[in-house]
Amino acid sequence: MFDEMLDWLRTNGPSVNTQRLRTLVGAHGFHGAAVLSAAAAFLRQYDRSARWRTLAQRQRSAEAEPLFRFRDGKPMSSFGEVEAVFAEHGFLRGVVELRGYSQAFDPRLPACLGMRLRALFGVNVRAEAVLFLLAHREGANPNAMSRRIGYSQRSVQDALVAMNRSGWIHVREAGREKIYTLGPRLSGALGAEIDGAPQWTAWAPALRYLEALWLALGVPGLGDLSPELQAAEIRQAVEGPQQQTANAGFARVFSTPLPLRGEDYVRFTLRTGEDLLDVLEQ
């Protein structure tokens with residue numbers, strides 16, 4: 001699956017917003033930045049533009065380690081010849097052999113709306129802002145929008161002010177805030193091209209929570225601890241990302257009527273990971 005992802009990025013790289021990706025990785029504190037750098041360095045073999053260059057130079061693993069792990073968390077150490085690019089970034093894995101099965105994104109699919117807007121407006125803040133406003137017909141202010149779409153408030157505000165001059169992006173005042181919305185004609189035209197209402201998924205905080213949970217479960221010796229200590233270790237690792245994910249629209253995944261401890265908390269937290277994956281797959 002990892003190599004299929006690389007294959008897809010090789011095909012659809014021009015539609016990937018690497019600047020936004022870099023911002024989201026830093027803003028949410030992802031621990032996989034070094035893996036992202038290795039993947040970007042690998043993709044530079046096929047695309048020598050500046051797109052992947054900054055990501056490729058960003059981070060490296062401090063010590064060489066196997067890239068893949070088994071379900072139980074143990075490292076996958078048998079892989080034959082080592083892939084040189086990943087080894088340079090501190091990750092040991094077999095040679096990548098892209099099969100070339102990936103195709104360009106299908107503009108007919110609702111899930112590809114963001115990619116379509118990038119093709120139309122460019123791979124920039126305007127495409128992300130329009131996508132966000134399509135999914136939030138009530139509108140949003142630049143500050144709230146910037147936190148969600150991975151751009152600075154100034155960049156979002158400048159883009160909205162400029163697009164407002166077109167007459168297709170509207171603005172109204174609500175107290176001291178300015179709320180921007182899509183005009184009905186633009187909203188109707190773009191909405192008519194997709195099936196159902198546009199959806200906005202806060203992928204970054206959700207994936208950060210799943211990463212935190214995965215890392216917590218992979219701590220050596222966790223299974224040897226008592227349920228109470230297991231719960232304490234896991235809670236410390238996921239508490240922050242869990243709150244961010246709940247605030248991003250996934251609160252129902254984490255809802256529980258009573259405070260949980262020990263084994264009950266561990267079981268509940270494992271279930272939240274499964275439930276969150278189910279929500280993201282919808």
Restricting to segment 16-61, what's the tally of residues that are in a helix (DSSP H, G or I) and either farther than 24 Å from P205 by Cβ or charged (D, E, K, R) (or both)?
7
Only one of (1) at pLDDT 90 or above; (2) farther than 21 Å from A189 by Cβ; (3) of a type in the set (D, E, K, R) fails for E128. Which number is that?
(2)
For segment 12-66, give me each residue that is free of Cβ contacts under 8 Å to residues at least 40 places away in the same chain, of a type in the set (A, V, I, L, M) and buried (at least 18 other Cβ atoms within 10 Å of the Cβ).
V25, L36, A39, A40, L43, L55, A56
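The values are calculated or read from the model by the stated rules, or taken from the named source; none is laboratory data. Everything numeric in this text was worked out from a predicted model, so none of it was measured. Cβ: placed from backbone, ideal geometry, glycine included. Neighbour counts: every protein chain shown.
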